[in-house]
Amino acid sequence: MTFDAVVVGAGVAGCTLARLLAEKGQSLLLLEKRRHIAGQAYDEKDEHGVLVHRYGPHLFHTASRRIVEFLSRFTRWHPYEHRVLGSIDGCLVPLPFNFDSLEALFSPKEALHLEEKLAGAFGEGARISIWELLQTEDERLRELGGYIYEKVFYHYTAKQWGREPEELSPDVLSRVPVVAGRDGRYFTDPFQAMPDEGYTALFNKMICHPGISLERETSWKERLSFSQGQIFLDGKRYPGDVWFTAPLDELFDFCCGELPYRSLSFDFSHLPVDRFQPACTVNYPNKEEFTRITEFKHCTGQEVPGTTIAYEYPRPCSLAKGDIPYYPVPGEESARIYEKYSRLAESYKSLFPVGRLAEYKYYNMSQAMEAAFSAAEKY
Ligand code: UDP
């Protein structure tokens, strides 16, 4: 069988691309190294029947109508707005840090004073980055910034990334703002919901198309090779396109150096209680080795006896040792290395890197899908 194109990786970007291209009439070979599809969004029922996200909490949110319309062809939705609490000095306070967090940690008088200052300086309801707060002119607000930086960001970031916050692109910490108001939602996108039967079911439906042939447990290395601007499939020169969603440094055998990634490990435990904690995710920014605990029933809305939680531990990542890359590490050094790989990729006319790993961008699910949409459109 000849394929018009090969898509490497059946994760969020790969499945989306495969479907979009199949609907344009192409026949595609979709290669997936793991036993399952859906990438890090993979979910399944554990042995107690609780739907869990095996690679950590995935909360869907988007501002894109076309993405909602596209996905709604493959799933119904369970409405859910993500809420996170942070364990700070023994209190569980809302994150992003907002007026309610202030009131939980400061005296009523001091909290009110700081709320007035925040709203005065940035505008009622503003979502500002911790960096902005640290640089503000008002001394008391700068002190507050220092406090939030220490209690919420510094140690969490050091654990999560194994680096000082300054070594990362400022955008990383800016993902979680400080709010000059009471909107404690983690995301503000107009559409926030969970696929009602889970992500795996959604992506299964998405790639169920006569134009798509999925091969699981098949690394691209077993089928494809790349040499001097030419692509080979099963040893023969391949004239079709390759949409590549795996790490680009691995594709080029790390010839320009290894791109840094971070990995995670999870400790799942099932408890004979209805609920373990008051929110889907509780962050532990300080002493603990883990960064957060997720209780899946909060976001999936599943009604089932007992509950399953996952402790999340950041880990170093070596692709050579077979670790799973979860996060690119945005920063100047990694951007320089990535640029070299990107130029190498451009020397292959029919090779298209797409998605969080191949583009080395800290995409959320909706952004990875947008990347797939624009890639398919440009094509
Ligand atoms: N962050 C933090 N403390 C928190 C939550 C987030 O320092 O309580 C920082 C940390 O560097 C983290 C980044 O903000 O990696 C982005 O957080 P987000 O919750 O978006 O991470 P993800 O869910 O993608 O792992």
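The values are calculated or read from the model by the stated rules, or taken from the named source; none is laboratory data. Source: prediction; values computed, not measured. FYI the Cβ positions are ideal-geometry reconstructions off the backbone, even for glycines, and counts take in every protein chain you see.
Please indicate, with yes or no, whether at least one residue in segment 313-320 is aromatic (Phe, Trp, Tyr), under 17 Å from residue 58 (Cβ atoms) and outside any loop (DSSP other than H, G, I, E, B).
no
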Margin query: Just the residues that are more than 24 Å from residue 25 (Cα to Cα) and among the aliphatic types (A, V, I, L, M), please, taken from segment 359-378.
Written below: 365
Note to self: One residue is enough: does segment 77-88 have a residue meeting the conditions farther than 24 Å from residue 175 by Cβ and over 20 Å from the mean Cα position of the chain (by Cα)?
What the structure shows: no
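Look through segment 364-379, keep the residues that are under 11 Å from the mean Cα position of the chain (by Cα) and in contact (Cβ under 8 Å) with a residue 60 or more places away in the chain, and return whichever of them is nearest to the ligand (Cβ to nearest atom). Quick ask: steps written out before the conclusion?
In the first step, residues of segment 364-379 are kept if they are under 11 Å from the mean Cα position of the chain (by Cα); the result is 364-368.
Adding the requirement that they be in contact (Cβ under 8 Å) with a residue 60 or more places away in the chain leaves 364-366, 368.
Numbers: 364: 7, 365: 11, 366: 13, 368: 12 Å.
The residue in question is 364.
Can you tell me which of 268, 290, 244 is of a type in the set (Phe, Trp, Tyr), at pLDDT 95 or above, surrounded by fewer than 21 Cβ atoms within 10 Å (Cβ to Cβ) and away from the ligand (no atom under 16 Å from the Cβ)? Give the steps one after another, and end with the answer.
Details: 290 fails: away from the ligand (no atom under 16 Å from the Cβ); 244 fails: surrounded by fewer than 21 Cβ atoms within 10 Å (Cβ to Cβ).
After applying the criteria, what remains is 268.
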Notebook entry, point to check: Name the residues in segment 41-73 that are more than 19 Å from residue 364 (Cα to Cα) and surrounded by fewer than 19 Cβ atoms within 10 Å (Cβ to Cβ), would you?
Noted result: 44, 45, 46, 47, 48, 49, 73
Check: When you go through (1) within 16 Å of the ligand (Cβ to nearest atom); (2) in contact (Cβ under 8 Å) with a residue 60 or more places away in the chain; (3) assigned to a helix (DSSP H, G or I); (4) in contact with an Asp or Glu (Cβ under 9 Å, 6 or more places away or on another chain) one by one for residue 192, which number turns out not to apply?
Finding: (3)
Checklist line | Candidates 330, 325, 285, filtered to the one that is in contact with a strand residue (DSSP E or B) (Cβ under 8 Å, 6 or more places away or on another chain), part of a loop (DSSP other than H, G, I, E, B) and within 12 Å of the ligand (Cβ to nearest atom) | finding: 285
Next item on the list: Could you give me the residue pairs with C-beta distances under 8 Å whose first residue belongs to segment 152-165 and is more than 14 Å from residue 330 (Cβ to Cβ), whose second residue is of a type in the set (Val, Ile, Thr) and more than 7 Å from the ligand (Cβ to nearest atom) wherever it lies, and which are 6+ apart or on separate chains?
Entry: 152/88; 152/130; 153/130; 156/291; 159/291
Check: If you scan segment 40-66, which residues turn out to be outside any loop (DSSP other than H, G, I, E, B), touching a residue at least 12 places away in the same chain (Cβ under 8 Å) and either within 13 Å of the ligand (Cβ to nearest atom) or within 16 Å of residue 301 (Cβ to Cβ) (or both)?
Finding: 40, 41, 43, 51, 52, 53, 61
Next item on the list: With the condition kept exactly as written, say whether any residue in segment 224-247 is without any contact (Cβ under 8 Å) to a residue 60 or more places away in the chain and within 25 Å of residue 361 (Cβ to Cβ).
Entry: no
Item checked: Subset of segment 294-322 (residues that are surrounded by 16 or more Cβ atoms within 10 Å (Cβ to Cβ), more than 27 Å from residue 259 (Cα to Cα) and away from the ligand (no atom under 12 Å from the Cβ)) -> 295, 296, 297, 298, 299, 300, 302, 307, 308, 309, 310
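Name every residue in segment 150-160 that is closer than 17 Å to residue 312 by Cα and more than 6 Å from the ligand (Cβ to nearest atom), in order of residue number. Break it down into steps so the answer makes sense when it comes.
Going through segment 150-160, the residues closer than 17 Å to residue 312 by Cα turn out to be 152-153, 155-160.
Passing the criteria: 155, 158, 159.
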Note to self: Just the residues that are under 19 Å from residue 238 (Cβ atoms) and surrounded by 24 or more Cβ atoms within 10 Å (Cβ to Cβ), please, taken from segment 11-27.
What the structure shows: 14, 17, 18, 21
